[in-house]
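Where a number appears in this text, it was derived from the coordinates with a stated rule and is not lab data. What you see is a predicted model; the values in this text were computed from it and never measured. All Cβ positions, even for glycine, are placed from backbone atoms using ideal geometry, and neighbour counts span all protein chains on display.
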Amino acid sequence: MADKRDECPIRRSVVVGCGSYLPERVVTNKDLEAIVETSDPWIVQRTGIRERHIAGEGETTSVLGLKAARAALADAGLTASDIDLVVCATSTPDFTFPATATQIQAGLGMEQGAAFDIQAVCTGFVYGIATADKFLASGSHHRALVIGAETFSRIIDWTDRGTCVLFGDGAGAVVLEAREGTGAASDRGVLTTKLRSDGRHREKLYVDGGPGSTRTTGHLRMQGQDVFKFAVGKVTDVVRDAFASAGVTAEDLDWFVPHQANRRIIEASADKLGIAREKVVITVERHGNTSAASIPLALDAARKDGRLKEGNLVMLEAIGGGFTWGSALLRW
Ligand code: COA
């Protein structure tokens, strides 16, 4: 009897374009020494971060996201008229509403399709990929822009040295297109996604304001050591689950592209998973933690420098406030 999967081709969400945008202004660790009591060696040793980009006046999250979206469309050889879904992962929207995704949609000149934001903090891009993949797999939509865009510099307490040295601004985007697959792990496209959350950990990483509570925007607050322990302890589970679902192992992986929060978290996670260090894409030195933007920024960097190629097996992984965490395994 023929394998059922041979008779029923499935729809895979294939990455057909990728792009990113970073604000021009670069702030080095040395620059931060003038603002808070810190030092370049402390920041490098604890986090691996050397510099980050900071958005200029008027450079809102949707402005950054729009530039990344345009770059991804150009890379795909497509125009906005080819897109019917815009998903923007962000925790730093231009306004409480409307959704930043709708502002990007308008900026692209789109009058068709649906656009909405995803709020899963640093896991936002993985949540965005998982969500768009389900829309495309269902047949309801055909081509999605999935964007991660952030201006964390605007919610940072610039007097708190424990957090202000960690974050940066930027945006990245991919275009996902529904294509027929066989159901096998050799298919191009998203192979599996695993999403988790546990809201009991709110106070470990949160913003202390919001429209429904303080009526202000608030500032980011973090218990750094607790976040560190949770990140290394939990995030490997969703990666292992993804390997098991797809029937592949760490050895089959070409690239591990984790959320870029901290070099020590990234390397500890890779080691725990048995992923060779040379397969890990790291951009945190130059970008800092750009929250939902960090994975698409890293993907775009790896593609532009020639590492990431069509057919490569790629694992995305992230953890963020909530806590939220998740993984996405895809063949580029
Ligand atoms: N420069 C210099 N000293 C600093 C500092 C800075 N920027 N920030 C904190 N310190 C000091 C602390 O005040 C403390 O001093 P004390 O011993 O006199 O009290 C000392 O350094 C150690 O602080 P601690 O918080 O224990 O450091 P740490 O080794 O845990 O490193 C982080 C701090 C934030 C780098 C680390 O906890 C971390 O990376 N956590 C994960 C954060 C993260 O990734 N968040 C985003 C997840 S999406």
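Things to note:
- Mean projection area, nm², convex hull over Cα of region 1-95: 11.4
- Extension gain (nm, one decimal) between residue 214 and residue 264, 0.36 nm per residue minus Cα-Cα: 14.5 nm
- Here is the tail figure for region 59-98: Cα pairs spaced more than 10 Å apart come to 74 percent of all pairs.
- Listed residue pairs exceeding 24 Å between alpha carbons, taken from 67/194; 279/304; 194/229; 30/304: 67/194; 30/304
- Long hydrophobic helices in the chain, taken as whole DSSP H segments with a C-alpha length of 24 Å or more on their own axis and mean Kyte-Doolittle hydropathy at least -1.0: 224-246.
- Point-charge dipole on Cβ atoms (K/R +1, D/E -1) for the chain, about Cα centre, debye to 20: 480
- Relative contact order, percent, the chain [alpha-carbon distance under 8 Å, six or more residues apart]: 25
- Length gained on full extension, residue 42 to residue 81: 9.2 nm, using 0.36 nm per residue less the C-alpha separation.
- Ellipsoid semi-axes in whole angstrom, largest first, where each is sqrt(5λ) of the Cα gyration tensor of region 207-301: 29, 16, 13
- When only the Cβ of Lys, Arg, Asp and Glu is charged (+1, +1, -1, -1), the dipole of region 10-181 relative to its Cα centre reaches about 460 debye.
- The alpha carbons of the chain stretch over 69, 46, 39 Å along the principal axes, in descending order.
- Spin-label pair residue 182/residue 160, simplified geometry with 7 Å Cα→Cβ offset, distance in nm: 5.1
- DSSP-defined antiparallel bridges as percent of all bridges, the chain, nearest 5: 70
- Debye log10 I(q)/I(0) for region 159-228, one point scatterer per Cα, at q = 0.25, 0.26 Å⁻¹: -1.22, -1.25
- Extreme residue, positive dipole direction of the chain, given options 231, 280, 182 (C-beta unit charges): 231
- By the Kirkwood approach, averaging reciprocal distances over each pair of separate Cα atoms, region 10-181 gets a hydrodynamic radius of 16.7 Å.
- With Cα atoms as the point set, the radius of gyration and Dmax of region 214-259 evaluate to 16.3, 49 Å.
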